[in-house]
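A short worksheet on the structure shown next.
The values are calculated or read from the model by the stated rules, or taken from the named source; none is laboratory data. A quick note: this is a predicted structure, and the numbers were derived from the prediction, not measured. Every residue, glycine among them, receives a Cβ derived from its backbone with ideal geometry; neighbour counts consider all protein chains shown.
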């Protein structure tokens with residue numbers, strides 16, 4: 001049986017939701033994106049509704065599902081649970097404000113159904129007045145929540161958070177949220193596509209129809225006494241393989257770090273988890289086991305856990321790479 005010991009770059013899976021824009025093409029140079037608005041690029045995806053396919057190298061043309069079926073242990077490492085890849089990693093371009101929504105967490109997914117979804121957003125770019133909505137104001141009850149929806153007044157119950165490039169926002173399952181217009185984001189989440197839409201700002205489609213809402217499901221899974229803080233400041237960490245790094249966020253499901261890579265550097269991983277590397281500033285080339293993969297700025301590559309050593313060669317000395325792995 002073949003053994004998986006090379007970096008894997010996947011063809012992006014693009015989604016053309018109505019709130020998308022042009023930034024994936026104009027800001028990130030995605031010449032392969034479809035015409036018109038593009039809302040999301042699913043970068044690392046093991047889902048039937050948007051399956052990743054390897055773009056180049058010796059594994060070109062293979063689906064992520066096929067790779068996971070044949071080599072899941074080599075991809076995941078000991079920290080992973082056999083089966084489907086545990087995360088879904090996206091880039092989002094919110095030209096318009098997204099619907100107000102909520103996702104189940106592990107407990108409510110077991111109780112009420114659906115896939116659990118805890119996520120985080122890392123702001124790549126933001127317009128000067130950009131905001132996100134994350135959490136409910138103190139004291140909001142299910143009854144007041146439902147009345148505000150009926151009165152088209154829900155915005156007044158939401159916590160509003162101004163954002164800028166470099167901000168990180170944590171969105172655990174059960175926290176009501178929405179991404180505001182003017183945000184370009186990297187999103188790391190549990191591998192889920194269960195979304196309960198609560199409020200859509202009165203929007204209708206070309207035929208004058210509103211999108212479906214899921215009020216009853218949302219009321220079941222919302223955390224009404226959620227004390228959490230959405231904005232998560234970065235924390236400096238000890239250097240990694242000689243590189244300056246910060247911890248951006250850690251949850252039970254994923255960890256996100258930022259690495260500054262000013263020069264060609266050999267990286268040694270512990271083999272306990274896969275690594276997803278995202279080119280935040282400047283592109284880079286990653287080489288492992290004789291296979292070199294170019295990763296343009298704003299794109300991602302998967303390093304299987306079995307590949308414990310790679311060499312990173314940045315396009316410029318100010319390169320910064322986001323590193324996602326299992327805690």
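Here are a few things to note about the model shown:
- Of all residues making up region 1-16, the number that are within 19 Å of the chain's Cα centre (by Cα) and surrounded by 15 or more Cβ atoms within 10 Å (Cβ to Cβ): 8
Listed here are the residues, each with its yes/no results for (1) crowded, with 20+ Cβ neighbours inside 10 Å; (2) more than 28 Å from residue 92 (Cα to Cα); (3) at pLDDT below 95; (4) more than 16 Å from the chain's Cα centre (by Cα).
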| site | (1), (2), (3), (4) |
| --- | --- |
| 244 | no, no, no, yes |
| 277 | yes, no, no, no |
| 309 | no, yes, no, yes |
| 322 | yes, no, no, no |
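- All conditions but one from (1) in contact with a helix residue (DSSP H, G or I) (Cβ under 9 Å, 6 or more places away or on another chain); (2) buried (at least 16 other Cβ atoms within 10 Å of the Cβ); (3) more than 24 Å from residue 45 (Cα to Cα) apply to residue 182; the one that does not is (1).
Yes or no, residue by residue, for (1) over 22 Å from residue 132 (Cβ atoms); (2) surrounded by fewer than 16 Cβ atoms within 10 Å (Cβ to Cβ):
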residue	(1), (2)
196	no, no
203	no, yes
207	yes, yes
211	no, yes
222	no, no
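- Residues that are in contact (Cβ under 8 Å) with a residue 60 or more places away in the chain and in a helix (DSSP H, G or I), drawn from region 112-144: 112, 142
- Filter result for residue 47 (over 20 Å from residue 185 (Cα atoms), touching a residue at least 60 places away in the same chain (Cβ under 8 Å) and either touching a helix residue (DSSP H, G or I) at 6+ places or on another chain (Cβ under 8 Å) or assigned to a loop (DSSP other than H, G, I, E, B) (or both)): yes
- Just one of the numbered conditions (1) in contact (Cβ under 8 Å) with a residue 40 or more places away in the chain; (2) touching a strand residue (DSSP E or B) at 6+ places or on another chain (Cβ under 7 Å); (3) more than 23 Å from residue 23 (Cβ to Cβ) is not true of residue 247: (1).
- Odd one out for residue 69 among (1) surrounded by fewer than 18 Cβ atoms within 10 Å (Cβ to Cβ); (2) under 21 Å from the mean Cα position of the chain (by Cα): (2)
- Filter result for residue 197 (in contact (Cβ under 8 Å) with a residue 24 or more places away in the chain and either assigned to a strand (DSSP E or B) or over 24 Å from residue 45 (Cβ atoms) (or both)): yes
- When restricted to residues that are farther than 30 Å from residue 23 by Cβ and crowded, with 17+ Cβ neighbours inside 10 Å, region 76-103 contains 3.
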